[in-house]
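A.B. asks: One structure follows; several queries about it will come next.
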């Protein structure tokens, strides 16, 4: 993998804490988290006894282990102008912010890691598929492949979702 600059989605962050590989990720990658995910989507993960364990992303930010990135209203509006509202409604706000940032071209040296089917399809539909990366690829590059939480985070699953997004491009984008 070429890039060590990574934007993580909420589902990946939660899986990283639950799977005990968060420390490996932040020590091996320059992790960015968009503002919506940082402040509104990640609070806890369930432990092996299904008890809630708090996640302190503010503490991670203060300690310098992650960076916060924020899309402007104009950047989000640019995304909204491109996407069919029926599809955009199915993409979470945190993922919308990440996609808006990637659309600017300012993050072309970053990789976006998510396990969410709709976000992966959106990446592909928007022509940003090369900026996506599976959790399996991130973990493999740092010798942690055995930590993959489940097959939905594999490279094969990610690639299938990207291919589906490319096929759905005409429905996804506004005409």
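The values are calculated or read from the model by the stated rules, or taken from the named source; none is laboratory data. Keep in mind that what you see is a predicted model, and the values were worked out from it rather than measured. When we count neighbours, we look across all protein chains shown, and the Cβ atoms used for this are built from the backbone with ideal geometry, even at glycine.
A.B. asks: I'd like the full set of residues that are at pLDDT 95 or above and either in contact with a helix residue (DSSP H, G or I) (Cβ under 8 Å, 6 or more places away or on another chain) or at positive phi (or both), limited to region 1-18.
C.D. replies: 6, 7, 8, 9, 10, 12, 13, 15, 16
A.B. asks: Return yes when residue 124 is within 19 Å of residue 173 (Cβ to Cβ), touching a helix residue (DSSP H, G or I) at 6+ places or on another chain (Cβ under 8 Å) and surrounded by 20 or more Cβ atoms within 10 Å (Cβ to Cβ) and no when it is not.
C.D. replies: yes
A.B. asks: Still on this structure, I have one more. Go over the candidates 77, 60, 97 one by one and state the one that is in contact (Cβ under 8 Å) with a residue 40 or more places away in the chain and either within 19 Å of residue 149 (Cα to Cα) or part of a helix (DSSP H, G or I) (or both).
C.D. replies: Answer to the check: 97.
A.B. asks: The conditions are (1) farther than 16 Å from residue 172 by Cβ; (2) crowded, with 18+ Cβ neighbours inside 10 Å, and residue 93 fails exactly one of them. Which is it?
C.D. replies: (2)
A.B. asks: Among the residues of region 100-117, write down those that are surrounded by fewer than 18 Cβ atoms within 10 Å (Cβ to Cβ) and either within 9 Å of the chain's Cα centre (by Cα) or without any contact (Cβ under 8 Å) to a residue 40 or more places away in the chain (or both).
C.D. replies: The answer is 104, 105, 106, 108.
A.B. asks: Continuing with the same structure: Here is a check on your reading of the model: is residue 139 modelled with pLDDT of 95 or more, under 16 Å from the mean Cα position of the chain (by Cα) and farther than 28 Å from residue 20 by Cα?
C.D. replies: Considered against the rule, which asks whether it is modelled with pLDDT of 95 or more, under 16 Å from the mean Cα position of the chain (by Cα) and farther than 28 Å from residue 20 by Cα, residue 139 comes out as no.
A.B. asks: Then there is this: Based on this model, can you work out whether residue 54 counts as in contact with a strand residue (DSSP E or B) (Cβ under 8 Å, 6 or more places away or on another chain) and modelled with pLDDT under 95?
C.D. replies: Judged against the criteria, residue 54 is not a match.
A.B. asks: Within region 21-50, can you find the residues that are surrounded by 19 or more Cβ atoms within 10 Å (Cβ to Cβ) and either part of a strand (DSSP E or B) or touching a strand residue (DSSP E or B) at 6+ places or on another chain (Cβ under 9 Å) (or both)?
C.D. replies: Answer for region 21-50, where residues must be surrounded by 19 or more Cβ atoms within 10 Å (Cβ to Cβ) and either part of a strand (DSSP E or B) or touching a strand residue (DSSP E or B) at 6+ places or on another chain (Cβ under 9 Å) (or both): 25, 29, 31, 32, 33, 34, 37, 38, 42.
A.B. asks: Considering only residues that are within 20 Å of the chain's Cα centre (by Cα), farther than 16 Å from residue 25 by Cβ and exposed (fewer than 11 other Cβ atoms within 10 Å of the Cβ), which ones fall in region 55-85?
C.D. replies: Within region 55-85, just 73 meets the criteria.
A.B. asks: What number goes with the only condition from (1) in contact with a strand residue (DSSP E or B) (Cβ under 7 Å, 6 or more places away or on another chain); (2) assigned to a loop (DSSP other than H, G, I, E, B); (3) farther than 22 Å from residue 166 by Cα that residue 143 does not pass?
C.D. replies: The number of the failed condition is (1).
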